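K.L.:
Below is one structure. I have some questions about it.
What follows is calculated from the coordinates using simple rules that are stated; it is not laboratory data. None of the values given here were measured: they were computed from a predicted structure. Quick reminder, even Gly has a Cβ in these numbers, built from the backbone with ideal geometry, and neighbours come from all protein chains shown.
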Amino acid sequence: MKMETTLQQPPIELKENDEPKTIQLDDEEKNIIESKYKKKLKIQYTRDGQTKLKASHYAGYFPLPKRVIEVSPKYAKANFLGMIKYALELPEIGTDKLPINENDTFWEILVSIFLKKLEELFQRGLMSNYIEYEENLNLIRGKIDFKEHLLRNYNRKDRIYCRFDEFSQNILENQIIKTTLYKLIFNSQLNIFSSIQKQLDLYYRRLGNIDLISSNRSLSFDSIHYTQMNSHYKKILNICKLLLGEQSFETSLNNSRGISNFDINMDMLFEKFITNFLKESFELEKQAPIHYDKANKRFLRPDIILLENSKKTFILDTKYYEDKTVDDEDEDNEELPNTKRSIGSSIIAQMVLYSNSTGIKKLGLIYPGKYAEPDKIEIKNDIELNIFHIDLEGETREDFEDNCEKLKNQLLNCVIK
């Protein structure tokens, strides 16, 4: 999807984790990038006074006052529908149930899934719950909060500070959904979702009695505890978390049409996709730290540990690195036989540290790529490092599932040896 924009200048087009691009930036743009987007975009200053801009592992849209920075995924032809389906654990999602095609962008697919889940939620009915309120009233309601009453009303006989419960739809789960709709609608300068504006507006109005969230969202998501009552909210709230991004989202009545960025951590998406795909066929250990220096409380956290009969047997790390490149800046790398994949020595050292700290001898790295068979590095002390690849493309959903199946079978062959 090529973004339509009402901003005054053409967009700056970058590619995720690509070479830095020479860009003319004014002082205001530099300040915004170095403060708001510093984790995701990096400005480099050359000796001749030019500025270069490099994108990290985040893809998406980063607005500036007069233009926008578009960062496209490094794997432009990746089957994002397949990746999202596994990353968000949505096995029922397919192109036959959504108004999308396999070539749609990440954001088109994600918003289509969000609207589908929201439609299902409205059909089922929004959840309500008892919410505790506290207010300074002129009549007693619920219980009197004597401490607050004395602090606030020591010279007022017409007020009583009360705490009371009210059965309401204005619960945190619904507030997150409305805040997500708010971001999709009121980023008007970006005009990313103009084709579905009416549908977004309709759903937003249906949540008219729900408050927007005006504080740090990460605390909101973390405070939700799923039970039988609200378990049907889990999938749509996972989508909201991706759509809202990682920054705090401050809503403001004075600037209700202010714009904010849409971006996704592609490293994390790849890891979640691989992890949830493997859960269907393997027993996995929840991410737990491996302490290699207990005295100083230093630890590493592998992406995936495979279990066999509840015993740790295989450590896997996902590496969302582009094909045919060196994976880090270390020039001392191990060229694998019969491939062009180079593995940085620092990555090998990391995997060996995993092995030495756990006693697990079988290790694996999973990269995007089109190599047909896994490779192997034999390391001293009987450590075996296997290199796997998964083709993220696939012209159809069936092709993508076949690629996933190939990876699963390759892993099974290594694990059961």
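K.L.:
Using modelled backbone amide H atoms (1.01 Å from N, in-plane), which distant-in-sequence or interchain residues come within less than 5 Å of E283's amide H?
P.N.:
Those qualifying (amide H under 5 Å, at least 5 residues apart or on another chain) are L307.
K.L.:
Beyond a 18 Å Cα-Cα separation, which of these cross-linked pairs lie in this structure: K286/K312; K85/K370; K39/K77?
P.N.:
Among K286/K312; K85/K370; K39/K77, the Cα-Cα distance tops 18 Å for K85/K370; K39/K77.
K.L.:
Check which residues have an amide H placed less than 5 Å from I290's amide H, if you skip close sequence neighbours.
P.N.:
Sorted by chain and number, the residues that satisfy this are L300, R301.
K.L.:
Once amide H atoms are placed 1.01 Å from N in the peptide plane, what residues at a sequence separation of 5 or more from I69, or on another chain, have their amide H within under 5 Å of its amide H?
P.N.:
I12, F62, L64
K.L.:
If you plug each phi of segment 13-24 into the Karplus form 6.51 cos²θ - 1.76 cosθ + 1.60 with θ = phi - 60°, what whole-Hz ³J(HN,Hα) values come out, in order, with x for Gly and Pro?
P.N.:
Here the 3J(HN,Hα) series is 9, 10, 10, 3, 6, 8, 4, x, 10, 5, 9, 7 Hz.
K.L.:
If you average the sequence gap of Cα pairs under 8 Å that are 6 or more apart and divide by the length of segment 128-245, what percent do you get for the contact order? Don't skip to the end; give the middle numbers.
P.N.:
Numbers: 120 pairs, mean separation 30.2, N = 118.
For segment 128-245, the relative contact order is 26 percent.
K.L.:
Still on this model: Net charge near A55, counting Lys/Arg +1 and Asp/Glu -1 over other residues with Cβ under 12 Å of its Cβ?
P.N.:
On the way: positive: K15, K21, K39, K40, K42, K52, K54, K74; negative: E13, E16, D18, E19, E70, D263.
Result for the neighbourhood of A55: +2.
K.L.:
Given Cα pairs under 8 Å that are at least 6 residues apart, what percent is the relative contact order of segment 12-72? List each step's numbers first, then the result.
P.N.:
Details: 104 pairs, mean separation 26.7, N = 61.
Worked out over segment 12-72, it gives 44 percent.
K.L.:
Pick out, in residue order, every one of the trypsin sites (Lys or Arg not before Pro) in segment 56-95 that is DSSP loop and has at most 14 other C-beta atoms within 10 Å; say none if there are none.
P.N.:
Filter output for segment 56-95: K66, K77.
K.L.:
What list of ³J(HN,Hα) couplings, whole Hz, do you get for segment 160-176 from phi and the Karplus terms 6.51, -1.76, 1.60, once you set θ to phi - 60° and write x for glycine and proline?
P.N.:
Once θ is set to phi - 60°, the couplings for segment 160-176 become 9, 7, 10, 10, 8, 9, 9, 7, 8, 7, 7, 9, 4, 4, 6, 5, 5 Hz.
K.L.:
How charged is the neighbourhood of F262? Take every other residue with its Cβ under 11 Å from the Cβ of F262, and add Lys/Arg as +1 and Asp/Glu as -1.
P.N.:
Summing Lys/Arg as +1 and Asp/Glu as -1 gives -1.
K.L.:
Turning to a different aspect of this structure: Please give the net charge around E29, taking every other residue with its beta carbon less than 12 angstrom from that of E29, where Lys and Arg add +1 and Asp and Glu add -1.
P.N.:
Here the charged neighbours net out to 0.
K.L.:
May I pose another question? Loop-only GluC sites (Glu not before Pro) in segment 16-92, please: DSSP not H, G, I, E or B, and at most 10 other Cβ atoms within 10 Å. Intermediate results must be reported in sequence, preceding the final value.
P.N.:
Details: sites: E16, E28, E29, E34, E70, E89, E92; in loops: E16, E89, E92.
Hits after loop and neighbour filter: E92.
K.L.:
Still on this structure: Just rank L243, L137, fewest to most, by other beta-carbon atoms within 10 angstrom.
P.N.:
L137, L243
K.L.:
Cut-off is 10 Å between beta-carbons; in what order do S260, S168 appear when sorted fewest neighbours first?
P.N.:
On the way: S260 18, S168 14.
By the 10 Å Cβ count, ascending, the order reads S168, S260.
K.L.:
My understanding is that a pair violates if its Cα-Cα distance is over 19 Å; which of K117/K198; K234/K311; K54/K183; K234/K408; K30/K66; K279/K361 do that in this structure?
P.N.:
Table pairs above 19 Å Cα-Cα are K234/K311; K54/K183; K234/K408; K279/K361.
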